[in-house]
Amino acid sequence: MFKLEENFRSTRHILDASNAVISFDPSRIEKRLFTRRGEGLPIEVLGFSYATEEAAALIREIGRRAATGVAWHDMAIIYRQNRLSRTLEEALLHARVPYEIIGDVGFYRRTAVKDALALLTLCAWPDERRSDEAFRRMANRPPRGLGARGLGKIEMEASAGGLSLCAAATRTRLSPRCAVALQGFVQILRQIGCREGESLGERLTGLLEATGYLDMLRADDSDEAATQRENLAELIELAQGFRRVEHLLEHAALAGGAPGEKGRDRVQLMTMHRSKGLEC
């Protein structure tokens, strides 16, 4: 048996911490990682009660280091799952710190989040033309038998009658299967939109369940679907802090236009998986 114990990337402080954590695994093969790179900087461990508190502390530390001359691109925040980036993104935005998400897009640009916000838009304004883009996005998610030809018919009906696409959908001659499915979809939107006393998070949960969107993700056993479900859970929690749909959408639009593009001088955000091979 040959044990590959020498590490060429990390410093001794990092390896000592890693050895200490891994030692609690009773099934591991005994080995001790070491390096010739020297001690390096010590590891600092901090505890927080809330994600917002943690994010604020991280951004304060980033700001402190930037003030001493450390470049943005020499700093990174690493987390376990992509959904955890949302609180960090908002804290960075508020502090005007330029950042780049490695291997992913910003929270509000993720597919499931955009889909959920589109459902909220349709639920809030089914008879207004501002919901048309949301209808185009969600009318066939999950599949309801609506193709390009059927959508074209709905577009013509809406244009002729001065209607929203959502309103025109129930007046357009479509295939029986598609007509029934869209009728049910629009009915769900209107029923949930009329409910009183619900929080925005509860309304969003109801929409995702009743429209079959969550069932679509549950039926998919891929890692991507699991990640999308986690993103939705994060969005539902976020929605609880807003009283009106338009306030949440304004917030999402502002954060979605964040300076998270690629660039040289930006703080890097990434998952642990993405950081493999970038140790120092």
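The values are calculated or read from the model by the stated rules, or taken from the named source; none is laboratory data. From a predicted model like this one, the values you see are computed outputs, not experimental measurements. Don't worry about glycine lacking a Cβ; one is built from the backbone with ideal geometry, like all the others, and counts go over all protein chains shown. Just the protein is used for accessible areas: all its heavy atoms, side chains included, with ligands, DNA and RNA removed. Shrake-Rupley method; radii C 1.70, N 1.55, O 1.52, S 1.80 Å.
A few remarks follow.
- Length-normalised contact order of the chain in % [C-alpha pairs under 8 Å, at least 6 apart]: 28
- Structural descriptor for the stretch 9-76: relative contact order 33 percent, calculated from alpha carbon pairs under 8 angstrom and at least 6 residues apart.
- For the stretch 195-208, Karplus couplings with θ = phi - 60° (6.51, -1.76, 1.60), whole Hz, Gly/Pro x: 5, 10, x, 8, 6, 5, x, 5, 5, 5, 4, x, 5, 5
- Cα pair distances exceeding 29 angstrom across the chain, given as percent: 49
- Cα gyration tensor shape for the stretch 101-177, rounded if a/c is under 1.5, else prolate or oblate: prolate
- Close amide H contacts of residue 99 (hydrogens built in the peptide plane, cut-off under 5 Å, sequence separation of 5 or more or a different chain): 267.
- Solution diffusion estimate, µm²/s, Stokes-Einstein, the stretch 31-120, Kirkwood Rh from C-alpha pairs, 25 °C, viscosity 0.890 mPa s: 157
- Accessible surface, per residue, of the chain when the full set of protein chains is kept, probe 1.4 Å, Å²: 59
- Put 234, 157 in order of accessible area, highest first, and with a 1.4 Å probe you get 157, 234.
- Cα-based Kirkwood hydrodynamic radius, the stretch 149-280, one decimal, Å: 18.4
- Dipole moment magnitude, nearest 20 debye, the chain about Cα centre, only Lys, Arg, Asp, Glu C-beta charged: 660
- When +1 charges are put on Lys and Arg Cβ atoms and -1 charges on Asp and Glu Cβ atoms, the dipole computed for the stretch 1-84 relative to its Cα centre reaches about 220 debye.
- Rolled with a 1.4 Å probe across the full set of protein chains, the surface gives residue 154 an accessible area near 0 Å².
- Each peptide among 99-110, 175-186 gets the average number of other Cβ atoms lying within 10 Å of its residues, and from highest to lowest they stand as 99-110, 175-186.
- On full extension, the segment bounded by residue 23 and residue 46 gains 6.1 nm, given 0.36 nm per residue less the C-alpha separation.
- Taking only protein heavy atoms and a 1.4 Å probe, the accessible area of the chain is 52% carbon and sulfur.
- Cα gyration tensor shape of the stretch 1-74, rounded if a/c is under 1.5, else prolate or oblate by comparing a/b with b/c: oblate
- With Cα atoms defining each centre, the stretch 141-159 and the stretch 61-79 are spaced 49 Å apart in the structure.
- Modelled label positions at residue 128 and residue 159, each set 7 Å beyond Cα in the direction of Cβ, lie 2.4 nm from each other.
- Among residues other than residue 238 with Cβ under 11 Å from its Cβ, the summed charge is -1 (Lys and Arg +1, Asp and Glu -1).
- Secondary-structure-derived ellipticity at 222 nm for the chain, considering helices only, amounts to -16000 deg cm²/dmol, per-run term -39500 (n - 2.57) for DSSP H runs with n ≥ 4.
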